[in-house]
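Quick notes on the structure that follows.
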């Protein structure tokens, strides 16, 4: 049987029991003559968890573009106003694109999605502090997962998540969409195959977020389950600049608060560090030391993530990685025989992305101009190339065919770990040695920052314990 048409056990059970269960997620009136091999009983049923800026502008469109392969059948957000908007958008899109009425269920409690056996996979586009718990609960429920970066709030969470994904054989993808972009694949494959010789240094430029924010306490909007939205983090009063705008999908305040993340070192660092690891073949390891310095806003600023920064990381292969807001936004590989530069070429992920140092930089450049058009077909090492350079399609085909996507849980964890150890270094302001095998520092103070307390009943570790999952050294 062709693996592209083979049904998983879950899909088979779903298609044979959907009528008896009264499921309303997919329109059963679409004839196979319209969809051919992509008849309704072979369409992947997707639920969107988190219906804010990234969900609306990136992740929902990424699946809506492929209605013959997958459908969004349910949405969830702790702000019901956003969930209702997402429901309306998806239903309107399908009414236009496939001329069918699709009843999309809107939830405020994501657990109703996790427990629904008719849902095959979830896309997670929530604030960073919710990523690990949602991935873990979805994977343990047998669902495949697409999640926005970064993978986790702490290094220990990331280890737990990677172990769960491996144990459950979850088809996983993280929003490191640069891996599905032609110039980044070219750069990484060239570096892997020795086009510029042994790598000596990698220089990465990232943006920063401004200080500021309004700290004034406000009433919690009636549509918003704010206590649950805070999740495992401490209970603090509500103000809009701590969460997300109520009137639009502009850049939210939670991105600039350490309660919910680490700032641009994870926000953009997750992208470029991932590319550096892919090129160096260090996806399952990491650096052996970190030295970082940064400025942080004074007490007049409500937002408290790092400002200007410089991070230097040493790898066992001899490469030195420097990360700074003063470098052009992109990745520069310097080898013994030349250099390769790669960036997005000024393309922003969303309309509200902060400005970068080099808005219109070349997407690809090198010391040898021939590398921009060199034939990569004869390379000994061939890297994964996403179909049609479409990151979401790569994941959807991986779900359908039960095969690995371009990113893995372990690679995502190792990238996020570098971001977070850089953040730890910024706060401690002293050189730190790192053991990538045991994932520990040589510094007791730094090791205390590998994990955060969880506010009951929330948190990835609480969820793992409740599910009886014990197969991780992180527990």
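Residues are listed down the side, and each one gets a yes or a no for (1) closer than 30 Å to residue 307 by Cβ; (2) at pLDDT 95 or above; (3) in contact with a helix residue (DSSP H, G or I) (Cβ under 6 Å, 6 or more places away or on another chain):
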{"site": "404", "(1), (2), (3)": "no, yes, no"}
{"site": "409", "(1), (2), (3)": "no, yes, yes"}
{"site": "442", "(1), (2), (3)": "yes, yes, no"}
{"site": "458", "(1), (2), (3)": "yes, yes, no"}
{"site": "465", "(1), (2), (3)": "no, yes, no"}
{"site": "470", "(1), (2), (3)": "no, no, no"}
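For the range 420-437, state whether one or more residues are part of a loop (DSSP other than H, G, I, E, B), under 24 Å from the mean Cα position of the chain (by Cα) and farther than 25 Å from residue 178 by Cβ.
Restricting attention to the range 420-437, the residues satisfying the condition of being part of a loop (DSSP other than H, G, I, E, B) are 429-431, 436-437.
Checking the rest, the ones that are also under 24 Å from the mean Cα position of the chain (by Cα) come to 436-437.
Those left that are additionally farther than 25 Å from residue 178 by Cβ: 437.
Yes, the range 420-437 contains a residue that is part of a loop (DSSP other than H, G, I, E, B), under 24 Å from the mean Cα position of the chain (by Cα) and farther than 25 Å from residue 178 by Cβ.
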Where residue 123 falls short, out of the listed (1) touching a residue at least 60 places away in the same chain (Cβ under 8 Å); (2) not in a strand (DSSP E or B): (2)
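Could you please let me know if residue 152 is more than 15 Å from residue 407 (Cβ to Cβ) and either assigned to a strand (DSSP E or B) or touching a helix residue (DSSP H, G or I) at 6+ places or on another chain (Cβ under 6 Å) (or both)?
On the way: more than 15 Å from residue 407 (Cβ to Cβ): no; either assigned to a strand (DSSP E or B) or touching a helix residue (DSSP H, G or I) at 6+ places or on another chain (Cβ under 6 Å) (or both): yes.
Answer is no for this residue.
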Residues in the range 73-86 that are buried (at least 21 other Cβ atoms within 10 Å of the Cβ) and either in the same structural domain as residue 230 (by TED's automatic domain parsing) or in a helix (DSSP H, G or I) (or both) total 3
Just wondering, is there one or more residues in the range 454-463 that are under 29 Å from residue 315 (Cβ atoms) and either outside the structural domain of residue 234 (by TED's automatic domain parsing) or exposed (fewer than 12 other Cβ atoms within 10 Å of the Cβ) (or both)? yes
Among the residues of the range 138-153, write down those that are over 14 Å from residue 173 (Cα atoms) and surrounded by fewer than 24 Cβ atoms within 10 Å (Cβ to Cβ). 140, 141, 142
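When you look at residue 208, is it over 18 Å from the mean Cα position of the chain (by Cα), in contact (Cβ under 8 Å) with a residue 24 or more places away in the chain and assigned to a strand (DSSP E or B), yes or no?
Values: over 18 Å from the mean Cα position of the chain (by Cα): yes; in contact (Cβ under 8 Å) with a residue 24 or more places away in the chain: yes; assigned to a strand (DSSP E or B): no.
When the stated conditions are applied, residue 208 does not pass them.
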Consider the range 192-207. How many of its residues are more than 22 Å from residue 413 (Cα to Cα) and surrounded by 21 or more Cβ atoms within 10 Å (Cβ to Cβ)? 3
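So which of 429, 425 ends up being crowded, with 22+ Cβ neighbours inside 10 Å, touching a strand residue (DSSP E or B) at 6+ places or on another chain (Cβ under 8 Å) and modelled with pLDDT of 95 or more? First the steps, then the outcome.
Numbers: 429 fails: crowded, with 22+ Cβ neighbours inside 10 Å.
The conditions single out 425.
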Qualifying position, being in contact (Cβ under 8 Å) with a residue 12 or more places away in the chain, over 19 Å from the mean Cα position of the chain (by Cα) and part of a strand (DSSP E or B), among 200, 186: 200
What are the residues in the range 160-174 that are part of a helix (DSSP H, G or I) and either touching a strand residue (DSSP E or B) at 6+ places or on another chain (Cβ under 6 Å) or surrounded by 24 or more Cβ atoms within 10 Å (Cβ to Cβ) (or both), if any? 160, 161, 162, 164, 165
Does residue 103 qualify as being part of a loop (DSSP other than H, G, I, E, B) and either closer than 20 Å to residue 255 by Cβ or in contact (Cβ under 8 Å) with a residue 60 or more places away in the chain (or both)? yes
Those residues of the range 280-313 that are without any contact (Cβ under 8 Å) to a residue 24 or more places away in the chain and under 23 Å from residue 339 (Cβ atoms) come to a total of 2
From the list 128, 144, exactly one residue is touching a residue at least 60 places away in the same chain (Cβ under 8 Å), under 20 Å from the mean Cα position of the chain (by Cα) and over 29 Å from residue 247 (Cα atoms). Which is it? 144
Output the residue which, of all residues in the range 215-238 that are over 21 Å from residue 456 (Cα atoms) and touching a residue at least 60 places away in the same chain (Cβ under 8 Å), is surrounded by the fewest Cβ atoms within 10 Å (Cβ to Cβ). 215
So which residues in the range 365-412 are farther than 26 Å from residue 172 by Cα and buried (at least 20 other Cβ atoms within 10 Å of the Cβ), if there are any at all? 366
Have a look at 211, 195, 222 and point out the one that is assigned by TED's automatic domain parsing to the domain that holds residue 422 and over 29 Å from residue 271 (Cα atoms). 222
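The values are calculated or read from the model by the stated rules, or taken from the named source; none is laboratory data. Since we're looking at a predicted model, the values are computed, not measured. All Cβ positions, glycine included, derive from the backbone under ideal geometry; neighbour counts span all protein chains shown.
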